[in-house]
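Chemist: Have a look at this one before I ask anything.
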Ligand SMILES: Nc1ncnc2c1ncn2[C@@H]1O[C@H](COP(=O)(O)OP(=O)(O)O)[C@@H](O)[C@H]1O
Ligand SMILES: [Mg+2]
């Protein structure tokens, strides 16, 4: 589903953010991307959703080379993905309903269908009661759940999350990580950047570690229960 071939990213000023990364993330995998601040995690994700173009190498998403994608096709690429950020990035003057159905609205989905979509998705993240609230009326954990609802409302097969628990205390972080785990168990591919060792220990299937733009570790995180059953 995602393939990196010798990908390097050098920002203006000769700042090397990623150095010769090659890897393959199969469909349905839950990948935790770890590394200290400045290691290149956000750049890795930004390349996948084409917020940046790599200096060298190729990135394929579902077989399509995203680096050579014409700018006008980028919105179509993004619609196949859900993206979650550390700071939630909700629109303050819009309600939870409007935030969650922002993309369906742009795509011309009618009001009744949008309402149904929002209700179904907010139920999944446990926030149906807050459908008509404004972001400022919600706690940080709730705002992040709204952002996750917005990311999954279109049923993307890939969810990218950049330090989604970075602003939350440990209990809320685990709640949010459990939510990603559930989304993963429904078949969604997840690439989640985190510098939180707790998150890396308990959640996800595969750990990638970046250090100064280099991939220094790539290992399974734990055997999933289903795999353990198959292996006896
Ligand atoms: N737009 C940019 N221009 C120049 N340097 C950048 C830019 N974005 C990130 N960097 C640098 O690239 C390196 C990797 O950054 P980033 O991908 O944000 O790492 P992380 O998300 O792991 O903290 C850092 O040294 C950072 O300062
Ligand atoms: Mg970052």
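Every number here is computed from the coordinates shown, using simple stated rules; none is lab data. Remember, predicted model here, so these are calculated numbers, not experimental data. In this analysis, Cβ positions are derived from the backbone assuming ideal geometry, glycine residues included, and neighbour counts consider all displayed protein chains.
Chemist: Using a 10 angstrom cutoff on alpha carbons, build the Gaussian network for the chain and name the most mobile of 93, 115, 27.
Modeler: The residue that fluctuates most here is 93.
Chemist: Name the most mobile residue of 73, 123, 41, meaning the one with the largest mean-square fluctuation, in a Gaussian network model of the chain with Cα contacts below 10 Å.
Modeler: Checking each option, the largest mean-square fluctuation is seen for 73.
Chemist: Round to the nearest 0.05 the FRET efficiency obtained for residue 171 and residue 93 when R0 = 22 Å and r is the Cβ-Cβ distance.
Modeler: 0.15
Chemist: Ok, one more. Just to confirm the number: angle between the C-alpha axis of helix 140-152 and the first principal axis of the chain, 0 to 90 degrees, nearest 10?
Modeler: That works out to roughly 80 degrees.
Chemist: Here's a follow-up. Pairs of Cα atoms under 8 Å, at least six residues apart: use those to get the relative contact order of the chain, whole percent.
Modeler: On the way: 428 pairs, mean separation 65.0, N = 232.
For the chain, the relative contact order is 28 percent.
Chemist: Separation between the residue 69 and residue 51 pseudo-spin-labels, each 7 Å from Cα along Cα→Cβ, expressed in nm?
Modeler: Calculated label separation equals 1.4 nm.
Chemist: A further question follows. Provide the convex hull volume over Cα atoms per residue for region 90-155, in Å³. If you can, show how the numbers build up before the last one.
Modeler: Values: hull volume 4.7 nm³, N = 66.
It comes to 72 Å³ per residue, whole-number rounded.
Chemist: Roughly speaking, what is the centre-to-centre gap between region 43-121 and region 1-30 when only Cα atoms are used, to the nearest Å?
Modeler: The distance from the Cα centre of region 43-121 to that of region 1-30 comes to 20 Å.
Chemist: Quick one: grab Rg to one decimal and Dmax as a whole number for region 136-182, Cα atoms only, in Å.
Modeler: 10.6, 30
Chemist: With the contact rule set at Cα under 8 Å and sequence spacing of 6 or more, what percent relative contact order holds for region 90-155?
Modeler: Answer for region 90-155 is 48 percent.
Chemist: When the C-alpha atoms of the chain are aligned to their principal axes, what extent does each axis show, in angstrom, from largest down?
Modeler: 48, 47, 33
Chemist: Report the calculated FRET efficiency for residue 62 and residue 182 (r = Cβ-Cβ distance, R0 = 35 Å), to the nearest 0.05.
Modeler: The computed FRET efficiency comes out at 0.90.
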